[in-house]
1. Would you check which residues across the range 34-53 are without any contact (Cβ under 8 Å) to a residue 60 or more places away in the chain and in contact with a strand residue (DSSP E or B) (Cβ under 9 Å, 6 or more places away or on another chain) and list them?
2. Considering the range 22-43 alone, what residues qualify as being under 14 Å from L65 (Cβ atoms), more than 9 Å from ligand 2 (Cβ to nearest atom) and open to solvent by less than 50 Å² (accessible area, probe 1.4 Å)?
3. Can you confirm whether I40 is over 25 Å from P113 (Cβ atoms), touching a Phe, Trp or Tyr at 6+ places or on another chain (Cβ under 8 Å) and hydrophobic (A, V, I, L, M, F, W, C)?
4. Take the residues in the range 81-101 that are in contact with a helix residue (DSSP H, G or I) (Cβ under 7 Å, 6 or more places away or on another chain) and under 22 Å from E25 (Cα atoms); name whichever of them is farthest from ligand 1 (Cβ to nearest atom).
5. So, in the range 65-112, exactly how many residues are within 16 Å of ligand 2 (Cβ to nearest atom) and aliphatic (A, V, I, L, M)?
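The values are calculated or read from the model by the stated rules, or taken from the named source; none is laboratory data. Keep in mind the model is a prediction, meaning the values are calculated, not measured. FYI the Cβ positions are ideal-geometry reconstructions off the backbone, even for glycines, and counts take in every protein chain you see. When the accessible area is computed, the model is the full protein with side chains, heavy atoms only, and any ligands, DNA or RNA have been set aside. Shrake-Rupley method; radii C 1.70, N 1.55, O 1.52, S 1.80 Å.
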Amino acid sequence: MNKDCLFCRIGAKQIPSKIVYEDPELFAFEDISPQAPTHILICPRKHFESLTDASAEDQVVLGKLQLVAAQLARERKLLQGYRTVLNNGEGAGQSVFHLHLHLLGGRPFRWPPG
Ligand code: 5GP
Ligand code: ZN
């Protein structure tokens, strides 16, 4: 827990959010500025700034982020497809420096992303 981190504070329920999933390792909540009908952020409770700061000991939790995304996509019946996105660094659009996986669904997506 980093007391200066927005997402650590959301995970600790010090800042309100719409939490849609939680367990001892991860929590997931609705994005405040959704870019698709479903837009959920899935975070490890452990504070990492980005994927660049993760190491081999984190491989289970990093895999679990994707599996929770798939579970939420099934629950929400995102039958036309969904996208998981992990922005790393300002140049890739990261704006909150606590690693998080975006789950986006409910509309068509283009490739390549912008
Ligand atoms: P990034 O740009 O770092 O990949 O994604 C950060 C995401 O966090 C953005 O989609 C933004 O809308 C979301 N966000 C920023 N502040 C808050 C907040 O206070 N509450 C919630 N629920 N989402 C936030
Ligand atoms: Zn944090």
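1. Selection gives P34, C43, P44, R45.
2. Passing the criteria: D23, L26, F27, A28, F29, I40, L41, I42.
3. No: the conditions fail for I40.
4. T84
5. 5
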